[in-house]
Every structure is written in structure tokens, then in C-alpha cells.
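First up is the structure itself, then whatever we jot down about it.
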Amino acid sequence: MSDNKAIIEKFYTSFQQLNAAGMNSCYSDDIIFSDPVFMIRNGDEVRAMWEMLCKNAKNFSLTFSDIELLDEEYATCKWQAKYTFSKTGRLVANNVKAYMRIIDGKITEHSDAFRLSTWIGQALGWKGLIFGWTGFLKRKVQHNASAALLKYMDSKAVTKH
């Protein structure tokens, strides 16, 4: 089980360094990821998401703590990312609880939990503070994140040819 702790430490140390390749090396080929913004993603979408987020990060810092190995496969930890949200230039401090399943030395499932309305309030300012709890604004944020990811993936496909 201490190997599982080392995998989690490698993942978040790579994230601190904005090293998406290092992060993605911790994942299984068929990784399943979910969070309140990107919803449920798998495989190449997850890897591209981390590449996009690392590439676009501004004024970024990350801390992680409280790695807890629940059994031979499941673990949790806490992490906080601080960064400037590119669309508004506003500072965000996102407090996250991660849940991971690790099999044969690779993360197979990864779920990040945080209050989306709090994130929206920080990222969008007064509009987010007032309307961040509404389903409409949450869906808009999710739609925009999905569109940005698809655009990023399309641009990568074009540059590979």
C-alpha cells in the first residue's frame, strides 16, 4: 500500500511542477475521471484535460496533504490549487478532496470533489457570487469547460499531422 502513496505523491508533485506527462504516467490507459467542472471523462480526454490545464496555468501553486490509504485499492487526499482564472483574471483558491482507486500501480479511477458554486464565485466575481448556485450557471461553466477541452484536443490532432 505504500506504493499507492508514492503514486499519489508522484501525481501531485508532477502537478505542482505543471508536468502533465508525469501526472498522466500515473494513470491507467482506461482512466475514469470526474469533477464538478469537467464532469465524467475517460482515457485520452482525461490526459488532454491535464495537459490543457497545465499548459494554460497562470500564477499557479499547489499543495497536497492528508493522503489516506483506505485499503489496498482506495485512497483519498486533500489538495489546494491557487491560480489566476484566465477568462476573468481573478484569483482562485480551489480546495479539493480527491478520491482514487489504484490497481497494479496505476490510478484507474480519480474523482475530485469541491463546491462548484464557491469556485464560480471566485472565478467570475460578483456574478458568480450571486448566481453561482444556479443550475443554469453551473451548466454554462461545464459546457464552456467541455468546449475548451474539445477545442484543445482538436488543435493537438491538427498539429500532429
Worksheet, complete the sentence: Here the net charge surrounding Ala21, from other residues whose Cβ is less than 10 Å away from its Cβ (Lys, Arg +1; Asp, Glu -1), is 0
Item to complete: Mind checking which aspartates and glutamates have their Cα closer than 12 Å to the Cα of Lys140? Skip sequence neighbours fewer than 8 apart in that chain.
Response: none
Discussion item. Can you show me the helix-derived [θ] at 222 nm for the chain, built from DSSP H runs with n ≥ 4 at -39,500 (n - 2.57) apiece and divided by the number of residues, rounded to the nearest 500.
Written reply: -14500 deg cm²/dmol
Practice prompt. May I ask which of Lys58/Lys97; Lys58/Lys106; Lys82/Lys138; Lys5/Lys151 have a Cα-Cα span longer than 32 Å here?
Written response: Lys5/Lys151
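One quarter of the convex hull surface, Cα atoms only: what value does that give for segment 52-108 in nm²?
Convex hull of Cα atoms, orientation-averaged projection: 4.7 nm².
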Worksheet item: What is the helix-to-structure angle for 2-16, meaning the angle in degrees between its Cα long axis and the longest Cα principal axis of the chain, kept from 0 to 90 and rounded to the nearest 10?
Response: 30 degrees
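Using mean Cβ contacts within 10 Å as the protection proxy, how do 105-117, 60-72 order, highest first?
Details: 105-117: 16.8, 60-72: 13.2.
Descending mean neighbour count gives 105-117, 60-72.
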Fill in: Inter-probe distance in nm under a simple model that places probes 7 Å from Cα toward Cβ, at Lys106 and Ser65
3.3 nm
Item to complete: Using Cα positions and a limit of under 15 Å, work out the aspartates and glutamates in reach of Lys156, with same-chain residues fewer than 8 apart set aside.
Response: Asp44, Glu45, Glu51
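Take every Cα pair under 8 Å in the chain that's 6+ residues apart, average their separations, divide by the length, and report that relative contact order as a whole percent.
On the way: 270 pairs, mean separation 33.8, N = 161.
This gives 21 percent for the chain.
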Worksheet item: Which option, [x] 0.98; [y] 1.04; [z] 1.09, is the value of Cα Rg over 2.2 N^0.38 Å that was calculated from these coordinates?
Response: [y]
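Read-outs: derived from the displayed coordinates by stated rules, not from any lab. Keep in mind the model is a prediction, meaning the values are calculated, not measured. FYI the Cβ positions are ideal-geometry reconstructions off the backbone, even for glycines, and counts take in every protein chain you see.
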